[in-house]
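The values are calculated or read from the model by the stated rules, or taken from the named source; none is laboratory data. Please read all numbers here as calculations on a predicted model, not as lab measurements. When we count neighbours, we look across all protein chains shown, and the Cβ atoms used for this are built from the backbone with ideal geometry, even at glycine. Just the protein is used for accessible areas: all its heavy atoms, side chains included, with ligands, DNA and RNA removed. Shrake-Rupley method; radii C 1.70, N 1.55, O 1.52, S 1.80 Å.
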Amino acid sequence: MSAPATDLDRPRKLLQEMGFEFAPDVLGELAERAVREKLPQLGLLELVLGTERERREERRIKTALKLSGLPVGKTLEGFDYLFQRGVEKSRIELLATCEYARRQENVLLLGPPGVGKSHLAAGLGVKAVQNGFSVTFTSADELIEQLRRDEETGRPLRRRRALSSAVLILDELGFQALDRREAHLLFKVIAHRYEKGATIITSNKGVRDWPEMLAGDEALATAILDRLLHHCHVLQIDGRSFRLRQMDKKVS
Ligand SMILES: Nc1ncnc2c1ncn2[C@@H]1O[C@H](COP(=O)(O)OP(=O)(O)OP(=O)(O)O)[C@@H](O)[C@H]1O
Ligand SMILES: [Mg+2]
């Protein structure tokens with residue numbers, strides 16, 4: 001037998017007054033469920049608290065994903081490891097635990113176009129959000145452009161969310177060669193975050209080509225790589241392009 005609706009009015013009101021945002025609306029359903037499933041004495045209390053916590057967590061994740069700039073739909077669960085045999089699933093699974101983020105370590109995803117670097121970086125970003133880390137996903141060019149403007153307007157660089165995020169994902173570093181000023185801004189980002197936050201970088205340039213990508217400045221490239229690689233998980237993906245596979249499918 002379920003509780004009459006009026007019996008729920010008082011506890012519902014108390015829940016509302018206590019700042020519960022979701023449980024009051026579903027109190028009737030939860031009470032019915034507790035009776036139907038013959039839950040023990042404290043069962044309904046657990047259901048109410050559990051529902052409230054679960055819904056708040058869902059909302060937190062939804063908001064954090066929006067704020068992060070992560071692309072929609074790129075998850076580790078959606079990654080086809082059979083296609084990309086160069087990617088060791090066990091290494092990705094280890095990274096998915098977010099231990100690297102807890103330890104403020106970096107992840108470098110290197111390899112030619114289309115092998116899934118950005119997809120994996122985004123998938124790791126989603127895991128980090130789910131695990132409660134603040135995440136920013138941005139293309140390297142976009143962040144550097146923003147920092148360039150910040151310098152011009154006198155806005156402190158650290159005010160950018162990207163710099164203070166627990167996990168910063170810099171996508172597509174090296175698509176365009178950087179000039180000296182841009183390379184220096186990248187140095188500032190990496191130096192600022194060194195041992196303070198985890199940075200994930202995707203690049204189609206191997207580290208040997210970084211000096212050339214960084215305005216030919218060997219000293220700056222060394223300073224950046226030194227900090228980046230000190231605590232770093234490097235994944236070199238040498239496989240086929242997933243984009244070309246999809247094109248093959250369309251053509252055939
Ligand atoms: N193994 C995979 N399983 C599922 N989808 C994949 C896989 N690899 C790549 N993709 C998809 O193929 C497209 C290209 O992958 P992605 O953008 O991650 O490549 P990339 O290595 O970052 O390439 P680029 O160097 O050009 O940026 C994306 O839509 C991505 O979701
Ligand atoms: Mg990419």
Table column - 3J(HN,Hα) (Hz), the stretch 63-75, Karplus curve with 6.51, -1.76, 1.60, x for Gly and Pro: 5, 5, 5, 5, 5, 5, x, 5, x, 7, x, 9, 10
Linear extension gain, ARG208 paired with PHE83, 0.36 nm per residue minus alpha-carbon span: 42.3 nm
Gain upon complete extension [SER164, GLN146; 0.36 nm per residue less C-alpha separation]: 5.0 nm
Computed over the chain, Cα set: Rg, Dmax in Å: 23.6, 77
Spin-label model distance (nm) - GLN16 vs GLU93, 7 Å beyond Cα toward Cβ: 4.8
In the stretch 21-90, GluC sites (Glu not before Pro) in a DSSP loop with at most 16 other beta-carbon atoms within 10 Å: GLU21, GLU37, GLU77, GLU88
Mean Cα-pair separation over length for the stretch 89-251, i.e. relative contact order, pairs under 8 Å, 6 or more apart, %: 36
Nearest-0.05 FRET efficiency for THR63 and GLN41, computed from C-beta distance (R0 41 Å): 0.70
Whole-percent pair-distance distribution, where bins are 10 Å wide, for the alpha carbons of the stretch 5-60: 24, 56, 19, 1
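Which percent of the accessible area of the chain is formed by carbon and sulfur heavy atoms (probe 1.4 angstrom)? Provide the component values of the computation, followed by the final result.
Numbers: 7560 of 14490 Å².
C and S atoms contribute 52 percent here.
Could you tell me which trypsin sites (Lys or Arg not before Pro) in the stretch 1-81 are loop residues by DSSP with no more than 14 other beta carbons within 10 angstrom of their beta carbon?
Those satisfying the criteria are LYS38.
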Karplus-derived 3J(HN,Hα), 6.51/-1.76/1.60, for each residue of the stretch 186-201, Hz, glycine and proline x: 4, 4, 4, 4, 5, 5, 4, 8, 4, 6, 10, x, 8, 10, 10, 10
Separation of the ASP226 and ARG53 label points, Cα + 7 Å toward Cβ, nm: 4.7
Of LYS62/LYS127; LYS66/LYS205; LYS117/LYS205; LYS62/LYS89, pairs whose Cα-Cα distance is over 21 Å: LYS66/LYS205; LYS62/LYS89
Inter-site label distance for VAL26 and ALA177 at 7 Å from Cα along Cβ, in nm: 5.7
Karplus (6.51, -1.76, 1.60) ³J(HN,Hα), θ = phi - 60°, over the stretch 226-233, in Hz, Gly and Pro reported as x: 4, 5, 5, 8, 4, 10, 8, 9
Of the GluC sites (Glu not before Pro) in the stretch 168-252, those whose Cβ has at most 13 other Cβ within 10 Å and which sit in DSSP loop: GLU195
Heavy-atom accessible area ranking, 1.4 Å probe, most first, across SER164, SER203, SER118: SER164, SER118, SER203
